[in-house]
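Asks: So that we are looking at the same thing, I have put the structure below in structure tokens.
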Amino acid sequence: MTLGPGCHGLWPTPIGVYRLPGADELNPLLARMFGALRISQAQARGEPLDAAFFASDDDLLRRLQLPEGQRLVRFIVDSLQDTVGRANAAAWGPGRRPLQVAIEGLWIQCSRAGAFHDAHNHGNCSWSGVYVVQVDAEAERKAHPTYGTAHGVTRFYGPAFAQLGGAHVDLGNAYLQPPHVDVAPVPGQLVVFPSWLPHQALPYDGRAERIVVSFNASVHAAAAGSDRLHDYAAT
Ligand SMILES: [Fe+2]
């Protein structure tokens, strides 16, 4: 790559935020469906049914054949295609051809009583996401005496985060701020993010259980044998 004169914004961190229309009606149905799934999987594993944290197996996609599940999957795939297309517009070039989004894994996580998911990223995929099914209403969630506004949020750590410990900060590198961003949990909201991006689910101790759907995805050219960028971008 040759950089010409000008200011170049290299290595961006694209994040897509979407809201599912009609989520108020869909989410209770999903919560009921996931509740039944949790009971069967927890029993099969010998886990207590009232554990503060539960993560299902990551093969939930094949269990989402009912119309409610298919609606969620369609929303996830459409949202992924939107963010991935925007993020790669320059890399792919003009004349975009059909793509296939492959959901590599999809699972639910249920948390309460201070459960959290420590900082991590996701492997063997290019994009990941989290959809909120259920959580306390915003005012109630933020009123938690210990966790406050960070109660149950998803925290994303930017690429510069690891470099900022003791680093020089002045107006000249203000563009590196903030080093992390909290995304509040909103029922019906989907956040799509690069799988390499470190993130963390902060402790949650609400009245209603925090239920989210997480997934990993990869993106391929629809035509077999052309899944390489230099082929894809050639025409
Ligand atoms: Fe994650």
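Asks: Does anyone have the angle between helix 23-45 and the longest principal axis of the chain? Alpha-carbon axes, 0 to 90°, nearest 10?
Replies: Compared with the principal axis, the helix lies near 70 degrees.
Asks: Under a point spin-label approximation (7 Å from Cα along Cα-to-Cβ), what is the F161-E138 distance to one decimal in nm?
Replies: 2.3
Asks: Moving on. Output the 0 to 90 degree angle, nearest 10, between the alpha-carbon long axis of helix 67-87 and the longest principal axis computed from the alpha carbons of the chain.
Replies: Roughly 30 degrees, rounded to the nearest 10.
Asks: Would you mind working out the accessible area per residue for segment 118-175, using a 1.4 Å probe, and quoting it in Å²?
Replies: Per residue, segment 118-175 has 56 Å² of solvent-accessible surface.
Asks: Rounded, prolate or oblate: which fits segment 73-135 when a ≥ b ≥ c are the square roots of the eigenvalues of the alpha-carbon gyration tensor, with rounded for a/c under 1.5 and prolate only if a/b beats b/c?
Replies: Judged from the Cα gyration tensor, segment 73-135 comes out prolate (a/c at least 1.5, a/b above b/c).
Asks: Whole-Hz Karplus ³J(HN,Hα) for segment 51-60, in order, using 6.51 cos²θ - 1.76 cosθ + 1.60 and θ = phi - 60°, x for Gly and Pro?
Replies: 4, 5, 9, 9, 10, 6, 4, 8, 9, 5
Asks: Grab the DSSP H runs of the chain that are 4 residues or longer, score each as -39,500 (n - 2.57), total them, divide by all residues and round the 222 nm result to the nearest 500 deg cm²/dmol. Don't jump to the answer; show the numbers that get you there.
Replies: Working: 5 runs with 57 residues, N = 235.
Using -39500 (n - 2.57) per qualifying helix, the result is -7500 deg cm²/dmol.
Asks: Now, a different point. What do you get for Rg/Rh of segment 70-207 when both radii come from the Cα atoms and Rh is the Kirkwood radius?
Replies: My calculation puts Rg/Rh at 1.01.
Asks: OK, next. Cα-based Rg of segment 99-167 per 2.2 N^0.38 Å, rounded to two decimals?
Replies: Values: Rg = 15.7 Å, N = 69, 2.2 N^0.38 = 11.0 Å.
Relative to the 2.2 N^0.38 Å estimate, segment 99-167 comes out at 1.43.
Asks: Using 18 Å as the cut-off for backbone N distance, which residues of segment 141-172 belong to the label zone defined by a point 7 Å from the Cα of A184 along Cα→Cβ?
Replies: Taking a point 7 Å out along Cα→Cβ of A184, the residues of segment 141-172 whose backbone N falls under 18 Å are 141-156.
Asks: Give the calculated FRET efficiency between D82 and I39 to the nearest 0.05, with a Förster radius of 41 Å applied to their Cβ-Cβ distance.
Replies: Here the calculated transfer efficiency is 0.75.
Asks: With a 1.4 Å probe and every protein chain left in place, work out the accessible area per residue of segment 14-116 in Å², rounded to a whole number.
Replies: 54
Asks: If the label point is 7 Å along Cα→Cβ of T146, which residues in segment 195-218 have backbone nitrogen under 13 Å from it?
Replies: What the label zone holds, given the 13 Å backbone N cut-off, is 203-206.
Asks: Taking Cα centroids, how far is segment 107-159 from segment 28-47 in Å?
Replies: The two parts, judged by their Cα centres, are 20 Å apart.
Asks: If I compute solvent accessible area with a 1.4 Å probe over the protein chains, what percent of it on segment 117-181 is carbon and sulfur?
Replies: Roughly 56 percent of what the probe reaches on segment 117-181 is carbon or sulfur.
Asks: Let me check I've understood the local charge: for A137, count other residues with C-beta under 13 angstrom from its C-beta, Lys and Arg +1, Asp and Glu -1. What total comes out?
Replies: Result for the local shell: 0.
Asks: Can you tell me what percent of all Cα-Cα pairs in the chain are more than 27 Å apart?
Replies: Here the long-distance tail beyond 27 Å is 42 percent of all Cα pairs in the chain.
The values are calculated or read from the model by the stated rules, or taken from the named source; none is laboratory data. Predicted model only: the values in this text are computed from it and were never measured. Counting neighbours? That spans all protein chains shown, and the Cβs are built from the backbone with ideal geometry, glycine included. Ligands, DNA and RNA are excluded from the accessible area calculation, which covers all protein heavy atoms including side chains. Shrake-Rupley method; radii C 1.70, N 1.55, O 1.52, S 1.80 Å.
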